[in-house]
1. Could you tell me whether any residue of segment 146-161 is more than 16 Å from the ligand (Cβ to nearest atom) and touching a strand residue (DSSP E or B) at 6+ places or on another chain (Cβ under 7 Å)?
2. Restrict the check to segment 39-54 and report whether at least one residue is modelled with pLDDT under 85, on the phi > 0 side of the Ramachandran plot and outside the structural domain of Ala101 (by TED's automatic domain parsing).
3. Working only within segment 171-197, note down all residues that are within 12 Å of the ligand (Cβ to nearest atom) and at pLDDT 95 or above.
4. What pairs come out if I take residues in segment 105-127 that are without any contact (Cβ under 8 Å) to a residue 60 or more places away in the chain and pair them with residues that are within 16 Å of the ligand (Cβ to nearest atom) and among the small types (Gly, Ala, Ser) whose C-beta lies under 6 Å away, six or more apart or interchain?
5. Anything in segment 111-141 that is of a type in the set (Phe, Trp, Tyr) and near the ligand (Cβ under 9 Å from one of its atoms)? List them, or say none.
6. If a residue must be surrounded by 13 or more Cβ atoms within 10 Å (Cβ to Cβ), out of contact with any strand residue (DSSP E or B) (no Cβ under 7 Å at 6 or more places or on another chain) and not in a helix (DSSP H, G or I), how many such residues does segment 48-75 contain?
7. So which residues in segment 88-108 are among the β-branched types (Val, Ile, Thr) and modelled with pLDDT under 95, if there are any at all?
8. Among the residues of segment 160-210, which ones are assigned to a loop (DSSP other than H, G, I, E, B), in contact (Cβ under 8 Å) with a residue 24 or more places away in the chain and out of contact with any helix residue (DSSP H, G or I) (no Cβ under 8 Å at 6 or more places or on another chain)?
Amino acid sequence: MDTTNKNCIVRISRYKNALKRLKGLGFVKVFSSNLADATGTTSAQVRKDFSLFGIAGNKRGGYNVDNLIDQMNRIFGKYDVHKVVLVGIGNIGRALLSHKAFQRESIRIVAAFDIDPNKLDENARIPILPLDRLESYIIENEVKLGIITVPALAAQQVFTIMKDAGIKGVLNFAPLNLQTKDNVIVNNINLEMELENLVYYIMAEEKKII
Ligand code: ATP
């Protein structure tokens, strides 16, 4: 996916959140300007994004909120169940395992894996299995998504296993940027870096240097 499409999909996700809020406030119809205001972009950009993703609507009479949410849910595959494996049952891994939104959003962590025998629990709601079963589990269950929450040093090894077994999308929380030339999309989330970034902007704002 190129950067334009990636930015566009991020905006679609924001529009969807804004739509849910507007629906909660009682809106039945919205205009592109409502969504633009709610997400900090322009009406022209909203309409451009909609046309890129084939979202239809009546520009003049406004868009029906339920219908827009429905079309966006389809874009995000909300009506299918997406199986995810998670590797690394540290603090972040555990937090993600108990994250309720994943069930609501039809993204389902179906199994977790760890190298530490003390963390394994085959009978848990989401079974925690040994790392050496990761590859066969992905293949047998046709899992396409993976989450990596192991320390930086172990991340590349885990990523290689996932990739070779057929995983197509990885959310990586290990603090290193996983590189891939293969047909796998990697979203790297470095929490420390994200916070550092915010600290910079807050400091800059206080000193009025940006
Ligand atoms: P965090 O807060 O980042 O989740 P933590 O301090 O709780 O981390 P880490 O040391 O980051 O724990 O380890 C996370 C988990 O990853 C641990 O449960 C550890 O056993 C597991 N782990 C480490 N190496 C591997 C590996 N190669 N394969 C699978 N799991 C691993």
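1. Going residue by residue through segment 146-161, those that are more than 16 Å from the ligand (Cβ to nearest atom) are none.
Scanning segment 146-161, I find no residue that is more than 16 Å from the ligand (Cβ to nearest atom) and touching a strand residue (DSSP E or B) at 6+ places or on another chain (Cβ under 7 Å), so the answer is no.
2. Within segment 39-54 (the criterion being modelled with pLDDT under 85, on the phi > 0 side of the Ramachandran plot and outside the structural domain of Ala101 (by TED's automatic domain parsing)), the answer is yes, since at least one residue qualifies.
3. Asn172, Phe173, Ala174
4. The qualifying pairs are Ile126/Ala112; Pro127/Ala111.
5. Across segment 111-141, the qualifying residue is only Phe113.
6. Within segment 48-75, residues that are surrounded by 13 or more Cβ atoms within 10 Å (Cβ to Cβ), out of contact with any strand residue (DSSP E or B) (no Cβ under 7 Å at 6 or more places or on another chain) and not in a helix (DSSP H, G or I) number 2.
7. Step one: filter segment 88-108 for residues among the β-branched types (Val, Ile, Thr), giving 89, 92, 107.
Ile107 - this is the single residue of segment 88-108 that is among the β-branched types (Val, Ile, Thr) and modelled with pLDDT under 95.
8. Matches in segment 160-210: Lys168 only.
The values are calculated or read from the model by the stated rules, or taken from the named source; none is laboratory data. Remember, it's a predicted structure, so these values are computed and weren't measured experimentally. Reconstructed Cβ throughout: ideal geometry from the backbone, glycine too, with neighbour counts over all protein chains shown.
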